[in-house]
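The values are calculated or read from the model by the stated rules, or taken from the named source; none is laboratory data. Bear in mind the structure is a predicted one, so any value in this text is a computation, not a measurement. For neighbour counting, all protein chains shown are included, and Cβ atoms are generated from backbone atoms with ideal geometry for every residue, glycine included.
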Amino acid sequence: MSVSVQEADFDAGAEIGALSAGRDDVGAVASFVGLVRADKADGETSAAAAVKAMTLEHYQGMTEKALEEIVVQAQARWELLGVRVIHRVGRLLPGDRIVFVAVASSHRGDAFAACEFIMDYLKTRAPFWKKEETLQGGRWVDARESDDAAAGRWSDSK
């Protein structure tokens, strides 16, 4: 298991390769890469509402601990051989990579499920604060009900 919170970009291909390098017990690696998008706030239609940049803040130490706990929960639910989570902080532009989750397992089902679980929990339980910059000014991003619903479906499974 490896968790990083960092300003630096990452190489998803290299990270995926590292999860299975030198191992013959890995049968599947599932991964997710999240990107900053030039989204508009709900109900907004003007080009001025498009995101020009996003700044992510966190509490060092606390955030890493929360991410590690999410991974531990995934390891308790599925048979995992490796997990890598990277979340970037600082000022990011549309198109920049913001988050990486990869899971290695003997079988694809465990890898897919654990990767999705980690991402759903990361969106709702990891202490990050996001501020979007638009031509209309800055706005803090509130939690979305759809993210809570996605994470909530795991409470009854496995």
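Among the residues of region 98-116, the ones that are crowded, with 24+ Cβ neighbours inside 10 Å, part of a helix (DSSP H, G or I) and touching a Lys or Arg at 6+ places or on another chain (Cβ under 9 Å) come to 1 in all.
Can you tell me which residue in region 126-135 is nearest to MET62 (Cα to Cα), limited to those that are touching a helix residue (DSSP H, G or I) at 6+ places or on another chain (Cβ under 9 Å) and exposed (fewer than 14 other Cβ atoms within 10 Å of the Cβ)?
First, pick out the residues of region 126-135 that are touching a helix residue (DSSP H, G or I) at 6+ places or on another chain (Cβ under 9 Å): 126-128, 134-135.
So of that shortlist, the ones also exposed (fewer than 14 other Cβ atoms within 10 Å of the Cβ) come out as 127, 135.
Details: PRO127: 8, LEU135: 32 Å.
Of everything passing the filter in region 126-135, PRO127 is nearest to MET62 (Cα to Cα).
Scanning region 66-108 for residues that are touching a residue at least 60 places away in the same chain (Cβ under 8 Å) and among the polar types (S, T, N, Q), which turns out farthest from ALA21 (Cα to Cα)? Going through the qualifying residues, I end up with GLN75.
Only a single criterion out of (1) in contact with a helix residue (DSSP H, G or I) (Cβ under 7 Å, 6 or more places away or on another chain); (2) modelled with pLDDT under 95 is not satisfied by VAL83, namely (2).
Here ASP142 clears all of (1) under 21 Å from ALA66 (Cα atoms); (2) modelled with pLDDT of 90 or more; (3) surrounded by fewer than 14 Cβ atoms within 10 Å (Cβ to Cβ) except the condition numbered (2). Among residues of region 120-139 being among the hydroxyl-bearing types (Ser, Thr, Tyr) and either in contact with a strand residue (DSSP E or B) (Cβ under 7 Å, 6 or more places away or on another chain) or over 17 Å from ARG37 (Cα atoms) (or both), the one that is modelled with the lowest pLDDT is THR124.
Quick one: how many residues across region 47-94 are of a type in the set (Lys, Arg), surrounded by fewer than 19 Cβ atoms within 10 Å (Cβ to Cβ) and under 30 Å from SER106 (Cα atoms)?
2
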